[in-house]
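Each value in this text was obtained by applying a stated rule to the coordinates, not by laboratory testing. None of these values were measured; they are calculated from a predicted model. For neighbour counting, all protein chains shown are included, and Cβ atoms are generated from backbone atoms with ideal geometry for every residue, glycine included.
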Amino acid sequence: MTGTAADGAALGVIPAGFWRRVAAWVIDTIIVLIGVYLVGSFLWPDLVETTTHVSESDGARLEVVSYALSTLGTAVFGIALGLYTASLESGRAQATIGKRMLGLRVTGLDGAGISPLTAIFRCWPLWLPGLVSMVVGLNYVVGFAAVAACVAVAFNRRKQGLHDMLARCLVVRRPPRVI
């Protein structure tokens with residue numbers, strides 16, 4: 001142990017594992033996606049594309065209605081997910097709802113909370129792909145970079161993704177509550 005803030009073990013914290021972080025991301029994505037669909041359904045119809053498929057066979061008629069985010073909806077979803085993540089991770093709880101449910105929090109390398117600007121920078125794999133979704137070609141490059149940045153968590157001793165390293169952050173497990 002070197003006793004520096006660069007060593008997660010020296011801080012007495014346990015880095016959050018890859019699958020726990022993925023599960024938290026899934027929870028948060030579902031929360032934001034529901035919000036975007038509700039806004040798209042009631043306030044901003046351009047966010048959601050509705051498709052109706054009609055099938056008739058032997059006198060029976062079947063209608064299936066599907067809803068999908070439009071290109072604009074995808075961009076709004078990416079920005080909403082980034083703002084949701086950044087605002088909650090830079091807040092008092094230092095975690096999104098998904099991270100809280102799984103006992104995680106985001107800290108700087110020194111163990112302190114992070115600023116809103118750092119949080120926005122840290123969550124670029126969430127908002128940048130949605131923002132460039134309308135630019136064909138660039139969306140694939142940015143999407144691949146975002147996935148690679150996140151997958152790096154599985155192969156790093158401190159369980160940091162590229163976005164965590166660039167923002168000088170750690171995602172750690174919360175200590176158990178003392179009763």
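Odds and ends about this structure:
- Distant-in-sequence amide H partners of residue 104 (H built 1.01 Å from N, under 5 Å): 174
- Note: relative contact order over the chain, using C-alpha pairs below 8 Å and six or more positions apart, is 25 percent.
- Proxy reagent accessibility, fewest Cβ within 10 Å first, across 115, 90, 57: 57, 115, 90
- Tensor-based shape of segment 1-124 (alpha-carbon gyration tensor, a/c under 1.5 rounded, otherwise prolate or oblate): prolate
- Residues 53, 163 arranged by fewest to most Cβ contacts within 10 Å: 53, 163
- Each residue of segment 132-137 is assigned a 3J(HN,Hα), and the resulting list reads 9, 4, 8, 9, 5, x Hz, derived from the Karplus form 6.51 cos²θ - 1.76 cosθ + 1.60 (θ = phi - 60°), x at Gly and Pro.
- Per-residue ³J(HN,Hα) for segment 148-159, Karplus 6.51 cos²θ - 1.76 cosθ + 1.60, θ = phi - 60°, Hz, x for Gly and Pro: 4, 4, 7, 5, 4, 4, 5, 10, 10, 4, 8, 6
- For segment 77-179: rounded, prolate or oblate by the Cα gyration tensor [a/c cutoff 1.5]: prolate
- A cut-off under 15 angstrom between Cβ atoms defines the neighbours of residue 79, and their net charge, with Lys, Arg +1 and Asp, Glu -1, is -2.
- Order of 37, 140 under a 10 Å beta carbon neighbour criterion, fewest first: 140, 37
- Between amide H atoms placed 1.01 Å from N, distances below 5 Å from residue 49 occur with 68, 69, 70, all of them 5 or more places distant or on a separate chain.
- Karplus-based coupling profile of segment 66-71, in residue order and whole Hz: 10, 10, 9, 5, 6, 4, with θ = phi - 60° in 6.51 cos²θ - 1.76 cosθ + 1.60 and x standing for Gly or Pro.
- Here the dipole of the chain is about 1120 debye; that uses its Cα centre as origin and unit charges on the Cβ of Lys and Arg (positive) and Asp and Glu (negative).
- With the helix formula -39500 (n - 2.57) applied to DSSP H stretches of n ≥ 4, the chain reaches a computed 222 nm mean residue ellipticity of -14500 deg cm²/dmol.
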